[in-house]
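First up is the structure itself, then whatever we jot down about it.
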Amino acid sequence: MKPDIKILVLDKEEIIFKSIQKALNNDAAFYDITYCTNAFDGLKNIRSDKFDLVLIDIVLPGMNAMEAIRRIKNIDSTVPVVVMSGSSLSGIDFQDEILNSAAGFLLKPFTTEEIKSLILRVLKTNIAAE
Amino acid sequence: MKILDKLKYISISTRISILLGIIILLTMGVFSTFSLLKQKDDAISSINNNTGQLSHTIEKILRFSMLKNRRDEISLALNNIIGNEGIKSARILNHEGVIKYSSRQSELNKNVSQNMPLCSSCHDINHNMFNIERNNFNHFSIDEKNKIIYNSLPIYNAAECNSGGCHYSSDKLSAGTDSIFSSVHNPSQTILGFIEIEVSIKEVIYDLETTRTQLILLTVLFAFLASVITYFSIRYLVGKPVKSLVEGTKRVAQGDFKTDIPPGKAELGILAESFNKMQNQLFRTQTQLIESEKLASVGKLANEIANEINNPLTGIIIFSESLLENSNSNNSKNDYDTIRQEALKIRESVRNVLSITRHEKPDFKLIDVAPVIKQAVSVVKKFSNFRNIKIILGIAEPLPVIPADAALIEQMLLNFLLISSESMLTGGILEISASYKEEINEIEIYFHDTGKGIPESALRNINDEKSDIRNFEKTGISLVVCKDIIGMHQGRLNINSTETGTSITIAFPV
């Protein structure tokens, strides 16, 4: 049985979830993608499940992104968090704190290739770290 | 307090004039007082001298008559003396104070020794003498109220007075003594009596008072004139310039930096100049801030729109890619690819727009200017001005990083690019290059266009630190803003503009 890679997507736009799902559909690994539209639901999910990757949008209803990342790390310190943004140009647009806690950045819109290589890179790094 | 508030508004000119007036009044008042007092003293001394001499003369004249005891002559003489030179009366007292002769008949034989200052200058209350050495003394006393000076000249006893007979004494004659004549005066008496003269000083006092009144009037007039002249002078030299300065500051407070204040004289002239320069500087700063502000608000708007575009765009890209991957027919593949390509173009455009400044204060970081240049170029490429312009971009990468604010650098580049395009409205070639000059450790950014040049009026004063940009037209102001940005980065700017093209060189130290 192929191992599930559990991914949590936190974004208020459903199309992002659908796109990620579509992009990863054809991939070798089997991805189990959970989708939440706000921070509280996301945290609930993290508490109840173990995820391999969290993709969180910088603009999330209910909570400041930095606060959300902090809380996620509190619950599960090992899960890599990738920050998504639709209005930034590059890493320097993010605050230093976020730069330090995030495992990677995903600028929207992204191509299939971009998201696949990002996820691959982050998971590989994480496995190496473990 | 209303009065205090009103006092605040008394102008400088008024205050100084009033102060000057008061100072003059005080000093001249003090001076005049001393002067008048001295004058009076001098006048009285002079009168005393004259009176003293006069009484000496009278004594000498009457001596013979006294020796011969010609009493009627003495009385006559005394009567004749009065009326001249202000002599009001003349009399002769004996040592005890009895009036023996007088021009006033009514006081004959009266004793005036009570309370006389004359007596007390040598005798105490008990008639004892305390002043022994009194030769040639002449006594004066002044009655201020009645304006009279009293002069008392002692008649000294002499040999001829007490040895020469005043009249034939038949007693002695019959007694057969040596001295046939007996004398009236006792040889032991030093002072036989006094000649007293009353002199009126009414005229003198009148003259002094007239002088005093004149002096007071003159002082007041002078103080007033001086004040008035000072008032108008200060108003002209200080008051007016200060007023225009005050109005100038009020205008600046309301945001008007464009109206110069008129030039003034001396220090205030310098102040006026500085003030105008300050207005110019404020305008420059304000312009640059406004430009940044404008770009910042555009940037904010762009940010908001970007999110609205980027999320759906993600869907379009990913799904068209998926369709592309899963499709078998070539036609469909092409179609899906077309969708994908167009979506990617949108992504590029949005990213370019987002590159417009979003930072609010200069934020210096170590940056590579290459992407900033590329960004700026890709932004302007879309402008209509650039439709007929061929851009040749040559950046010698990798470039070393420099401390800079990317937003400001981009703002500067955009300004230069736009100015350049304005000189080539019918088309042309724009060369942009950037390289690292190792010898001088600088990054050099070079623009060259084939346009008709930057207008002279815009170029004229950008090299002048002190230039007043408030009346420049847009190009001039843009250039100054660029120059300010370059200055902030310790860079250099060189512009060479001719009718056939313009070269702009910007250098930043690494």
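FYI, it's all coordinate maths here, none of it is from the lab. All values derive from a computational prediction rather than experimental measurement. So basically every Cβ, Gly included, is an ideal-geometry build from the backbone, and we count neighbours across all protein chains shown.
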With 10 angstrom as the radius, rank B:S244, B:S11 by how many other C-beta atoms surround their C-beta, starting from the fewest.
B:S11, B:S244
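Does chain B come out rounded, prolate or oblate, given a ≥ b ≥ c as the square roots of the eigenvalues of its C-alpha gyration tensor, rounded meaning a/c under 1.5 and, failing that, prolate meaning a/b above b/c?
Judged from the Cα gyration tensor, chain B comes out prolate (a/c at least 1.5, a/b above b/c).
Which order do peptides B:483-493, B:433-443 fall in by mean Cβ count within 10 Å, highest first?
B:483-493, B:433-443
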Between A:K12 and B:K240, what FRET efficiency comes out of the Förster formula 1/(1 + (r/R0)^6) with R0 = 60 Å and r the beta carbon distance, rounded to 0.05?
0.35
Students often get this wrong: which residues of segment B:418-443 have the backbone nitrogen under 17 Å from the point 7 angstrom along Cα-to-C-beta of B:V401?
B:443
For A:K73, counting only aspartates and glutamates whose alpha-carbon sits under 20 Å away and dropping same-chain residues fewer than eight positions off, the answer is A:D11, A:D41, A:D49, A:D52, A:D57, A:D96, A:E97, A:E130
B:H127, B:H448 arranged by Cβ crowding within 10 Å, fewest neighbours leading:
B:H127, B:H448
Here are some pairs, B:K60/B:K147; A:K12/A:K108; B:K40/B:K147; which of them have Cα atoms lying more than 19 Å apart in this structure?
B:K60/B:K147
Amide H contacts under 5 Å for B:L430, restricted to residues at least 5 apart in sequence or on another chain and with H modeled in the peptide plane, are B:K390, B:I391, B:I392
Listed here are the pairs B:K390/B:K483; B:K345/B:K452; B:K294/B:K374; which of them are more than 32 Å apart at the Cα?
B:K345/B:K452
On average, how many beta carbons from a partner chain sit within 10 Å of the beta carbon of a residue in B:301-309?
3
Output field shielding_mean for B:323-332 (other chain Cβ, 10 Å radius) holds 1
Just to confirm my numbers, what's the Cα centroid distance between segment B:415-464 and segment B:192-233 in Å?
85 Å
Above 49 Å lies some portion of the pair distances; for the protein assembly as shown, what is it as a whole percent of all C-alpha pairs?
56 percent
Kyte-Doolittle mean at least 0.5 and Cα axial length at least 30 Å: DSSP H helices in chain B
B:12-67, B:202-234
Can you give the helix-only mean residue ellipticity at 222 nm for chain A, where every DSSP H stretch with n ≥ 4 adds -39500 (n - 2.57) and the sum goes over all residues, rounded to the nearest 500 deg cm²/dmol?
-13500 deg cm²/dmol
Picking from B:H489, B:Q39, B:I392, whose Cα lies most toward the positive end of the charge dipole for chain B (charges on Cβ: Lys, Arg +1; Asp, Glu -1)?
B:Q39
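Roughly what % of DSSP beta bridges within chain B run antiparallel, to the nearest 5?
Among the beta bridges of chain B, antiparallel pairing accounts for roughly 90 percent.
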Excluding residues fewer than 8 positions from B:K38 in its own chain, the aspartates and glutamates with Cα under 18 Å of it are B:E144, B:E203, B:D207, B:E209
Quick one: if you stick a label point 7 Å off each Cα along the C-beta vector at B:S188 and B:S45, how many nm between them?
4.1 nm
Tell me whether chain A comes out rounded, prolate or oblate; compute the Cα gyration tensor, take square roots of the eigenvalues as a ≥ b ≥ c, and use a/c under 1.5 as the rounded threshold.
rounded
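Could you list B:T219, B:T190 so that the one with the fewest beta carbons within 10 Å of its beta carbon is first and the one with the most is last?
On the way: B:T219 18, B:T190 11.
So the residues, fewest neighbours to most, are B:T190, B:T219.
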If each residue of separation counts as 0.36 nm, what is the full-extension length gain between B:A253 and B:E499 once their alpha-carbon separation is subtracted?
84.3 nm
